[in-house]
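Here is the structure we will look at.
FYI, it's all coordinate maths here, none of it is from the lab. What you are looking at is a predicted structure, and each value in this text was computed from that prediction instead of being measured. For neighbour counting, all protein chains shown are included, and Cβ atoms are generated from backbone atoms with ideal geometry for every residue, glycine included.
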Amino acid sequence: MAMHLSDIEKMIREALPDAQVEVTDLVGDGEHYAAKVVSPAFKGMSRVKQHQTVYAALKGRMGGELHALALQTSAE
């Protein structure tokens, strides 16, 4: 079962309340998304740690309900 775009945004915002979050459905199938997440909480984190933080916000749904998520993250 695919995830809805609004559910992805909500989960990221719950984990990173100060974040600016943009999620796009890449092909319209509800399984391939891109997300841009900008959060001051990322300051001092490596890009890998930033991505791990976003994946953690999705609570294990990556690779299951959420097939693919292209991430772009930054602190500003």
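Output the 0 to 90 degree angle, nearest 10, between the alpha-carbon long axis of helix 47-57 and the longest principal axis computed from the alpha carbons of the chain. Result, in degrees: 50.
In order along the stretch 66-76, the Karplus-derived 3J(HN,Hα) couplings, from 6.51 cos²θ - 1.76 cosθ + 1.60 at θ = phi - 60°, round to 10, 6, 8, 9, 7, 10, 10, 10, 6, 8, 8 Hz, and Gly and Pro are given as x.
Under 25 °C and 0.890 mPa s, how fast does the chain diffuse according to Stokes-Einstein, given a Kirkwood radius computed over C-alpha pairs? Answer in µm²/s, whole number. Provide the component values of the computation, followed by the final result.
Numbers: Rh = 12.2 Å.
This corresponds to a translational diffusion coefficient of 201 µm²/s.
Per-residue ellipticity at 222 nm for the chain, helices alone: DSSP H runs ≥ 4 residues times -39500 (n - 2.57), over residue total, nearest 500 deg cm²/dmol? Mind showing how you got there, number by number?
Numbers: 2 runs with 22 residues, N = 76.
Value at 222 nm, helices only: -9000 deg cm²/dmol.
Scan the stretch 13-46 for trypsin sites (Lys or Arg not before Pro) in coil per DSSP, keeping those whose Cβ has at most 13 other Cβ atoms within 10 Å, and list them by number. Sites meeting the loop and neighbour criteria: K43. If you count Lys pairs in the chain whose Cα atoms are under 17 Å apart, skipping same-chain pairs closer than 8 places in sequence, the total is 4.
Applied to the stretch 11-26, the Karplus parametrisation 6.51 cos²θ - 1.76 cosθ + 1.60 on θ = phi - 60° returns per-residue 3J(HN,Hα) values of 5, 5, 5, 5, 7, 10, x, 8, 7, 9, 10, 10, 10, 10, 7, 5 Hz, with x for Gly and Pro.
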